[in-house]
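*Asks:* Structure in structure tokens, see below.
What follows is calculated from the coordinates using simple rules that are stated; it is not laboratory data. None of the values given here were measured: they were computed from a predicted structure. Here the Cβ is made from the backbone with ideal geometry for all residues, glycine too, and neighbour counts use every protein chain on show.
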Amino acid sequence: EEGTWTPTNGGGTVTVTNVHSRYTKIGRQVSIGCYCNLSADGDGTQIAIGGLPFAVVPTGYASSILQAGDSNGKALVARVEQNSSIIYLYNAISQGQINEDEVEGSHLIFQITYNV
């Protein structure tokens, strides 16, 4: 199965605008790709991208390095957690959460493969 999905804000105040987001589902494995823009009105809430086409299985999670338009020199990880359909962003080095105000006004590009 192939299709498109629409990334949304999973919490906080930043507006997520889809540029190009697709998915492919083969059996229980789903691969998603996303290119989206973030508005400049984010707050201190952890950045969360919702709208995934399928939720991750209750016993697993998936992560991927991503490109962010302005992450202040931080290496970022996009991670969808078990039994969820929301992607959270973390600092790849410290594993600390990335808040909306750290990436507001930029873009995100990532790809993740996970099981459903």
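*Asks:* Using a 7 Å offset from the Cα along the Cα-to-Cβ direction at both ASP43 and HIS107, what is the distance between the two label points in nm, to one decimal?
*Replies:* The answer from the label model is 2.8 nm.
*Asks:* Output the direction-averaged projected area (hull surface divided by four) of the convex hull of the alpha-carbon atoms of the stretch 54-116, in nm².
*Replies:* Computing the convex hull of the Cα atoms and averaging its projections yields 4.2 nm².
*Asks:* What fraction of the Cα pairs in the stretch 3-49, stated in percent, has a spacing above 18 angstrom?
*Replies:* Roughly 37 percent, once rounded to a whole number.
*Asks:* Select from GLY27, GLY105, GLY60 the residue whose mean-square fluctuation is largest in a Gaussian network model of the chain (Cα-Cα springs shorter than 10 Å).
*Replies:* GLY27
*Asks:* Which of rounded, prolate or oblate describes the stretch 23-89 when judged by the alpha-carbon gyration tensor and an a/c cut-off of 1.5?
*Replies:* prolate
*Asks:* Give me the net charge for the shell around THR113: Cβ to Cβ below 12 angstrom, other residues only, Lys and Arg +1, Asp and Glu -1.
*Replies:* Result for the local shell: +2.
*Asks:* Please give the charge dipole size of the stretch 1-89, origin at the Cα centre, charges +1 on K and R Cβ atoms and -1 on D and E Cβ atoms. Round to the nearest 20 debye.
*Replies:* 260 debye
*Asks:* Can you bin every Cα-Cα distance in the chain into 10 Å intervals starting at zero and give me the percent of pairs per bin, rounded to whole numbers?
*Replies:* Per 10 Å bin, starting at 0, the Cα pair percentages come out as 15, 51, 29, 4.
*Asks:* Separate question: Pairs of alpha-carbon atoms within less than 8 angstrom and 6+ residues apart define the contacts here; what relative contact order does the chain have, in percent?
*Replies:* After rounding, I find 31 percent.
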